[in-house]
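As structure tokens, the structure follows; a few thoughts come after it.
Every number in this text was worked out from the coordinates using simple rules, so none of it is lab data. Keep in mind it's a predicted model, so treat the numbers as computed, not measured. Quick reminder, even Gly has a Cβ in these numbers, built from the backbone with ideal geometry, and neighbours come from all protein chains shown.
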Amino acid sequence: MKRVGIFIVLLLIANLFLVSCNTNNDAAEPVELILATTTSTFDSGLLADLLPQFEEKHNMTVKVVSLGTGQALELGKNGDADILLVHAKTTELEMVAEGHFVDRHDVMYNDFVIVGPTTDPAMVKGSASVDNALAAIAQQESSFISRGDDSGTHKKEVALWQAASIAPAESWYVSAGAGMGDTLRMADEKESYTLTDRATYLAQREQYDLEILYEGDANLFNQYGVMAVNPDNYPDIQYEAAKVLIDFFISSEGQEAIAGFKPYGDTLFFPNAD
Amino acid sequence: MGGLTQIILLTLYVSGSAVVLAALLGVPAGTWLGLQPKANVRGLTQLIYTLMGLPPVVGGLLIYLLISRKGPLGFMGVLFTPSAMIMAQFLLATPIIIGLTSTSVRAKGTEVVDTLQSLGAENKLILRTIMQESRFGIFAAVIAGFGRVIAEVGAVMMVGGNIENHTRVMTTAIVLEVRQGNFSFALTLGLILLIISFVINAGLYRLQAGGRDE
């Protein structure tokens, strides 16, 4: 019995070494860079489209960790990522001022849209502004699903309610604490309104009966920025490599690649590096 | 398909290593715990039982704080690597293996100890006999530990980061597919995970049952 046990252990360990060797030998020691980003850039497929050409050219492996913006910023502050691609410009600038990040640049923007059931119970469609659209939802007390996860999208949504001087009531305002895809599914199931980035909505629209009911207000633009973790705080992070990737994002090559990313026929992210 | 194979191998690597390490610590610790007089280890036992219910994401958060660059073990630089995932799953599996081992040892223990001591056996032999006698329960403890870690997602997501080709395992891949709305593929992955669990458990069960026939 004991021998059998030892045998299993050995077998397992042998297996494990095999696996770890496999992963180690894959490439000739490329620089590994950890990019913390939001679910929207990853789930839309943008990074999968952009990064391979960059990785090959510079012999780097970009390890992408996709999270809510809140968690991504926290990871960066702790020095657990090398570079961030997020969309919460006000917070980003604050954190740069506090010395957590350096070399921040605008990269691109996409826009948010208000989606909801095709029946549009609050008659959001045709609203003159995003303020009016939200006011219509609040007045009808139509169910609204919020990301509620401190992500860039959630922060944007909170700012929009504030700008419209509306304090959402718990009776119709649901804080999901979930990613964009989960929130869209919840909105679909519960025939509710929600604020979503266009990319995620377009990527998943065939599965839902949700329709874009309001779009186009300048307040709905969603600025993405890239920035490196401050190497003064963490000397052993991959700052040099992070700079190369930042330069790629804002180069004409990178910007053209972003504009050319059209998985559903339309441009999803509009490059606007300074 | 290559990606899927890698995900499966990594899942087995991470959960397998975590359980082997947890068993190396948990089986002796559980045996020791099971042999102590009940009254002496009441508090410790209750602590272990409580930790058996540690939410995986909390286990993951604890490990994250430990290995974050800011944390006490930050210098190791293991965050977002399979090693970090093994650490987190080790933390989850160990209390289960200790707890269940101690229960089964306690069930057999005192009787065996008394008998052997009256026959004048050495401590070493006593210990060996007890582990031999409790092997079904110990096996069950290890299987339960394995079931817990191969199914959990919160901890490996937190400290592994679900990085493609590096730290993506079955459960985090499933979460990703659900998030992207690919329900049918997510379900397929879930089915594959269940089949893998079944094969492994069937193997362990054969070993366990095989002992009985001897």
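Could you tell me the ratio Rg/Rh of the stretch A:83-165? Both radii from Cα atoms, Rh via Kirkwood. Rg divided by Rh gives 1.07. Modelled label positions at A:Asn233 and A:Thr90, each set 7 Å beyond Cα in the direction of Cβ, lie 2.1 nm from each other. Result for chain B in a Gaussian network model with C-alpha springs under 10 Å: among B:Leu54, B:Leu33, B:Leu116, the largest mean-square fluctuation is at B:Leu116.
Backbone phi angles across the stretch A:116-121, fed through the Karplus curve with coefficients 6.51, -1.76 and 1.60 (θ = phi - 60°), yield HN-Hα couplings of x, x, 4, 5, 6, x Hz in residue order; Gly and Pro are listed as x.
Put simply, the amide H of A:Phe101, placed in the peptide plane, has neighbours under 5 Å in A:Val96, A:Asn230, leaving out anything fewer than 5 places away on its chain. Considering all different alpha carbon pairs of the stretch A:111-220, the Kirkwood hydrodynamic radius works out to 13.4 Å. Shape analysis of chain A yields a ratio of the Cα radius of gyration to the Kirkwood radius, Rg/Rh, of 1.06.
In this simple spin-label model, placing a label point 7 Å from the Cα along the Cα-to-Cβ direction at both A:Gln140 and A:Ala163 gives a separation of 2.2 nm. Estimated from helical segments only, the mean residue ellipticity of chain B at 222 nm is -27000 deg cm²/dmol, where each DSSP H run of four or more residues counts as -39500 (n - 2.57). Under 5 Å between amide hydrogens, built in the peptide plane, is the criterion, and for B:Ile163 it picks out B:Arg168 among residues at least 5 positions away or on other chains. Distance between the modelled labels on B:Val58 and A:Glu256, one decimal in nanometres: 5.5 nm (7 Å Cα→Cβ projection). Scanning chain B for DSSP H helices at least 20 Å long along the axis (C-alpha atoms) with a Kyte-Doolittle mean no lower than 0.0 picks out B:2-35, B:82-118, B:135-151, B:183-213. Shown is the FRET efficiency for B:Asp114 and B:Leu25, computed with R0 = 25 Å from the Cβ-Cβ distance and rounded to the nearest 0.05: 0.35.
Quick one: work out Rg over Rh on the C-alpha atoms of the stretch B:2-213, Rh as Kirkwood radius. Radius of gyration relative to Kirkwood radius: 1.05.
Among B:Gly120, B:Gly59, B:Gly145, the largest mean-square fluctuation in a Gaussian network model of chain B, built with springs joining Cα atoms closer than 10 Å, belongs to B:Gly120.
Here the Kirkwood formula puts the hydrodynamic radius of the protein assembly as shown at 25.1 Å, using every distinct Cα pair. Pick from A:Ala169, A:Ala122, A:Ala72: which is most flexible by mean-square fluctuation in a GNM of chain A where alpha carbon atoms under 10 Å apart are linked? With Cα springs under 10 Å in chain A, the top fluctuation among A:Ala169, A:Ala122, A:Ala72 is at A:Ala169.
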